[in-house]
Amino acid sequence: SAMSKEQRVLQYVQQNASRGDPDSVLAAVDKFGWETEWAMNLGDVKGAILDRFVKETAPQTMLELGTYMGYSAIRIARLLPETAKFMTVEFDQENAAVAREMIEFAGLQNRIIQITSDTADVIPQLKTKYDVETLDMVFIDHWKDVYVRDIKLLETNKLLRKGTVVVADNIIKPGAPEYAEYVRTCGKYDSTFHESRFEYSNDDIDGLEKSVFRG
Ligand SMILES: Oc1cc(-c2ccc(F)cc2)cc2cncnc12
Ligand SMILES: [Mg+2]
């Protein structure tokens, strides 16, 4: 059967990037996104903001909710030391399969623990099954209507500690208003909005919310 869009992106990467070179993989995905087919990965403009947050935080334990094609997992993992523990969770089996090949092509499969499951099932298992004590940083980039459910799961499962940095994509487009309202008003976070551009768009506005847990 014909290839999916995600498989077309993977093929473009395999034919145009250099194996073992994460920056060339990111550049190829971005070139494809700008010039050939739009896709819902974080992209280069918001990606540069996430890079800054990752560098500032230098997490030893990191969790991503929503792997998609693996683009932001590669963005994050390329900035982490060998010793860091980084888990990324994807529910969709087909996207997870593309991500696994994209991460392998980038040479980062030893830096990334890829989990194919529902985040609601994984979060309560992180301490017991994945030997996590608390998380230094979280990147939320999956379906907007489960952002609040999942950050509350992180809280109730005692996975956040004073200073844990939680970054969330798509605050404007498609929008996560309940999430923004929650982190800005519940009293548990110091939250700031970082305006940017929607992925592979010159016109549409989007942005990342950065919320530091007060402990
Ligand atoms: O960055 C994103 C963008 C969109 C999206 C799709 C279609 C549209 F019209 C607008 C926005 C959906 C996402 C789902 N999960 C994670 N990230 C996403
Ligand atoms: Mg997104």
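Each reported figure results from applying straightforward, stated rules to the coordinates on display, with no laboratory input. From a predicted model like this one, the values you see are computed outputs, not experimental measurements. Methodologically, a virtual Cβ is constructed for each residue, glycine included, from the backbone with ideal geometry; neighbour enumeration extends over all protein chains shown.
Per-residue extension of 0.36 nm, minus the Cα-Cα distance of Phe193 and Asp51, leaves a gain of 49.5 nm for this segment.
Projecting the Cα atoms of Ser24, Tyr68, Val183 onto the charge dipole of the chain (Cβ charges, centred on the Cα centre) puts Val183 farthest toward the positive pole. Using the Karplus relation 6.51 cos²θ - 1.76 cosθ + 1.60 with θ = phi - 60°, the per-residue 3J(HN,Hα) values for the range 129-137 come to 7, 10, 6, 8, 8, 9, 9, 7, 8 Hz, with x marking Gly and Pro. Shown here for the range 117-176: trypsin sites (Lys or Arg not before Pro) in loop regions (DSSP other than H, G, I, E, B) with at most 14 other Cβ atoms within 10 Å, namely Lys158, Arg161, Lys162. Site pair Arg184 and Trp143 shows an inter-label distance of 2.5 nm when each label is modelled 7 Å from Cα along Cα→Cβ. Computed about its Cα centre, the charge dipole of the chain is approximately 680 debye, with only Lys, Arg, Asp and Glu carrying charge at their Cβ. When the helices of the chain are scored as -39500 (n - 2.57) per DSSP H run of n ≥ 4 and the total is divided over every residue, the value at 222 nm lands at -12000 deg cm²/dmol. For Asn157, neighbours were defined as the other residues whose beta-carbon sits under 15 Å from its Cβ, and their charges (Lys and Arg +1, Asp and Glu -1) total +1. Only one residue of Gln93, Leu154, Ala120 has its Cα farthest out toward the positive end of the dipole of the range 47-178, where Lys and Arg carry +1 and Asp and Glu -1 on Cβ, and that residue is Leu154.
For Asp203 and Ser117, the difference between the fully extended length at 0.36 nm per residue and the C-alpha to C-alpha distance is 27.5 nm.
Separation of the range 105-181 from the range 29-54 is 20 Å, based on Cα centroids.
Just the number, please: percent antiparallel of the DSSP beta bridges in the range 110-215, rounded to the nearest 5. Percentage antiparallel, nearest 5: 75. Taking the chain as the region of interest, the number of lysine pairs whose Cα atoms are within less than 19 Å, with members eight or more places apart or on different chains, is 28. Close amide H contacts of Ser196 (hydrogens built in the peptide plane, cut-off under 5 Å, sequence separation of 5 or more or a different chain): Asp206, Gly207, Leu208.
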